[in-house]
Amino acid sequence: MTRPAGFTLLEMLVVIMVMGLAMLAAPRLGGAWAEGSKDRAAVQELGSALSRARFAAVATGSPVEVLFDLKNRTWRTDPAGPRGQLPNVGIRVFGIDGATTNDASPNNASTAAIRFFADGGSSGGTVILDMPGGNQGNGQGNGQGNGQGNGQGQTRIATDWLSGRIEIRD
């Protein structure tokens, strides 16, 4: 005698229990992903703001600055441009002259700026964000920091002093 087609009650209960466990785990896994995506969106927004500041400087024929307030974790474009929130990660700003501003030490200045000029050039500088996870930074490019041993990847937003070009590297 052959068994009728279909699932037994026990098989159905096992499937429902596995689905329930998966639904319990999903919010915990999704929360970390959502926080990381917020930080990545903030990095993209900052990169776009730097590009818009360069465009505004060329279009208006006058300098435009992007000012960073690391203490309050904000940035703004001067004169009277967009504002934004910096990601809640470690941040360092390197100027073209080698001056460093970071959020780790209360003795350091907590403000920095990158200025764009009417010819499309800029004062230059690099913003380094210690993003959780991701690729490990290796310090290539400007010899600043190496990101080794901290379990964090570095995202760099570099502004070329000659051309004013913006480059975001993860």
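Collect the residues in the range 89-104 that are of a type in the set (A, V, I, L, M), in a loop (DSSP other than H, G, I, E, B) and either at pLDDT 80 or above or closer than 15 Å to Asp130 by Cβ (or both), keeping them in residue-number order.
Val89, Ala104
I'd like the residue in the range 105-116 that is farther than 12 Å from Arg73 by Cα, part of a strand (DSSP E or B) and not charged (D, E, K, R) and, out of all such residues, is modelled with the lowest pLDDT.
Selected residue: Ala113.
Please work out which residue is modelled with the highest pLDDT, limiting yourself to the range 62-88 and to residues that are of a type in the set (A, V, I, L, M, F, W, C) and surrounded by fewer than 19 Cβ atoms within 10 Å (Cβ to Cβ). Give the steps one after another, and end with the answer.
If we filter the range 62-88 for residues that are of a type in the set (A, V, I, L, M, F, W, C), which is where we start, we get 64, 66-68, 70, 75, 80, 86.
Going one step further and asking which of them are surrounded by fewer than 19 Cβ atoms within 10 Å (Cβ to Cβ), we end up with 67, 80.
Numbers: Leu67: 90, Ala80: 74.
Within the range 62-88, the match that is modelled with the highest pLDDT is Leu67.
Between residues in the range 34-53 that are in a helix (DSSP H, G or I) and residues that are aromatic (Phe, Trp, Tyr), which pairs lie under 6 Å by C-beta distance while being six or more apart or on different chains?
If the second residue must be aromatic (Phe, Trp, Tyr), the pairs left are Ala53/Phe116.
The values are calculated or read from the model by the stated rules, or taken from the named source; none is laboratory data. Keep in mind the model is a prediction, meaning the values are calculated, not measured. Heads up, the Cβs are rebuilt from the backbone with ideal geometry, glycines too, and the neighbour counts pull from every protein chain shown.
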